[in-house]
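Following: one structure in structure tokens, then a few remarks.
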Amino acid sequence: MKDIEKIFKEVGVIKEGHFLLHSGLHSGIYFEKFRLIEYPECAVPLFELLANQFKGEPIDIVAGPTTGGSIIAFEIAKILRKRCIIAEKVEGGRDFLRGFKLNAGENILVVDDVLTTGSSVRDVISAIKRHKANPYAVGVIIDRATEPIDFGIPLYSVYRKRVKNYSPEHCPLCKIGIPLTKPGGI
Ligand SMILES: [Zn+2]
């Protein structure tokens, strides 16, 4: 776990400072998730750790939400030799478009890069249920949710860090005058 954190800091996945999150909250840590795939030699062993957790399980399909989750889904499906499907944003949630087909009762492993609020994963699970397939488990590379998230199915993360977020009024970083930055792409 410590080694992974060291790698994340070296390649710029973990940034420390004072960040304005998409939610409007402030945080001292930001995960620049797309930096994970900049160095495949660092990312691939993490994909293997995630995939190995589910080797031998009765999984039919690996599903991930756009954008980052689709890359993870493809990599995990490749290792597990399963089908890979992508859940895209639609009105009110996510769905499997473009002719992706789920059969009733098929076991679906849901994967994503970073777990923050869990909303993307929840939307993928809802889409799977609408197609009468079976959400089997959730696997993420980074779980940075402030509190543990319960999806009602097993959750595995390669790396977990409980990150505190602050409302602007109660932010200790604002109090000591550290300049607030808005990370790109959120
Ligand atoms: Zn602040």
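The values are calculated or read from the model by the stated rules, or taken from the named source; none is laboratory data. All values derive from a computational prediction rather than experimental measurement. FYI the Cβ positions are ideal-geometry reconstructions off the backbone, even for glycines, and counts take in every protein chain you see.
Scan Ile176, Ile149 and give me the residue that is surrounded by 11 or more Cβ atoms within 10 Å (Cβ to Cβ) and either farther than 18 Å from Phe54 by Cα or away from the ligand (no atom under 16 Å from the Cβ) (or both). Outline the logic, then answer.
Values: Ile176 fails: surrounded by 11 or more Cβ atoms within 10 Å (Cβ to Cβ).
On inspection, the qualifying residue turns out to be Ile149.
Between a first residue in region 155-182 that is under 23 Å from Ile7 (Cβ atoms) and a second residue that is within 9 Å of the ligand (Cβ to nearest atom), which pairs have beta carbons less than 9 Å apart while being 6 or more apart in sequence or on different chains?
Val163/Ser27; Val163/Gly28; Lys164/Ser27; Lys164/Gly28; Thr181/His18; Thr181/Phe19; Thr181/Leu20
Tell me yes or no: at least one residue of region 157-164 is polar (S, T, N, Q), crowded, with 18+ Cβ neighbours inside 10 Å, under 30 Å from Pro40 (Cα atoms) and modelled with pLDDT of 95 or more.
Just the residues of region 157-164 that are polar (S, T, N, Q), to begin with: 157.
With crowded, with 18+ Cβ neighbours inside 10 Å added as a condition, the list becomes 157.
Cutting the leftovers down to under 30 Å from Pro40 (Cα atoms) gives us 157.
Those still in the list that are modelled with pLDDT of 95 or more too: 157.
For region 157-164, residues polar (S, T, N, Q), crowded, with 18+ Cβ neighbours inside 10 Å, under 30 Å from Pro40 (Cα atoms) and modelled with pLDDT of 95 or more: present.
Search region 84-115 for residues being over 23 Å from Phe34 (Cα atoms) and basic (Lys, Arg), and hand back the single one that is surrounded by the most Cβ atoms within 10 Å (Cβ to Cβ).
Filtering region 84-115 for residues that are over 23 Å from Phe34 (Cα atoms) and basic (Lys, Arg), the one surrounded by the most Cβ atoms within 10 Å (Cβ to Cβ) comes out as Lys101.
Just the residues that are touching a Phe, Trp or Tyr at 6+ places or on another chain (Cβ under 9 Å), within 16 Å of the ligand (Cβ to nearest atom) and assigned to a loop (DSSP other than H, G, I, E, B), please, taken from region 152-173.
Selection gives Val163 alone.
Where residues in region 120-141 are under 10 Å from the mean Cα position of the chain (by Cα) and not in a strand (DSSP E or B), which of them is farthest from Lys82 (Cα to Cα)?
Going through the qualifying residues, I end up with Ser120.
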